[in-house]
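Comments concern the structure below.
The values are calculated or read from the model by the stated rules, or taken from the named source; none is laboratory data. Predicted model only: the values in this text are computed from it and were never measured. Backbone-built Cβ (ideal geometry, glycine too); neighbour counts: all protein chains shown.
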Amino acid sequence: MPKKIAYALWIVQGLLALIFLFAGGVKLVLPLEELTKQMPLPGLFVRFIGVAEVLGAIGLILPGLLRIRPGLTPLAAAGLLIIMIGATVITLAGGDVALALIPLVVGLLSAFVAYGRWRLTPHRGPTGARNADSGHRPLPTES
């Protein structure tokens, strides 16, 4: 069962990474005037969200793939979940209930990755240690 969950997590992580790379990339490339037409937020704040989405997408894939600081994956997913909560609230405030389902579902998938990589099947570090994400190694004591 954990192996199936691990495969499901990798698939969801890949899909979320593609979604957030695209969404964040669009927010970084479009002119500020276009961004402020689409959302009732300041342009620089939308640009900041774009940067956070791109970094979150990278954080979903690279730590587990490279096995360097794999504990960052659930943190990236949790950060993207916070962004999706905000997107859902703003969409609902605009009166688009049906359209709010998209960020809601993406947020739920981010929550699945955050919980799955934190508790269900955490990435293992290069040595296979269960808590390899801390990066902390005790120093040898001198006698």
Looking at Val26, Val105, Val97 in this structure, which one is free of Cβ contacts under 8 Å to residues at least 24 places away in the same chain and assigned to a helix (DSSP H, G or I)? Val105
Only one residue in Leu75, Leu81 is under 27 Å from Pro31 (Cα atoms), modelled with pLDDT of 95 or more and not in a loop (DSSP other than H, G, I, E, B), so which one is that? Leu81
Please work out which residue is surrounded by the fewest Cβ atoms within 10 Å (Cβ to Cβ), limiting yourself to the range 56-84 and to residues that are free of Cβ contacts under 8 Å to residues at least 24 places away in the same chain and within 15 Å of Leu21 (Cβ to Cβ). Leu65
Which residues, counting only those in the range 35-50, are surrounded by 12 or more Cβ atoms within 10 Å (Cβ to Cβ) and more than 15 Å from Leu81 (Cα to Cα)? Leu35, Thr36, Met39, Leu41, Pro42, Gly43, Phe45, Val46, Arg47, Phe48
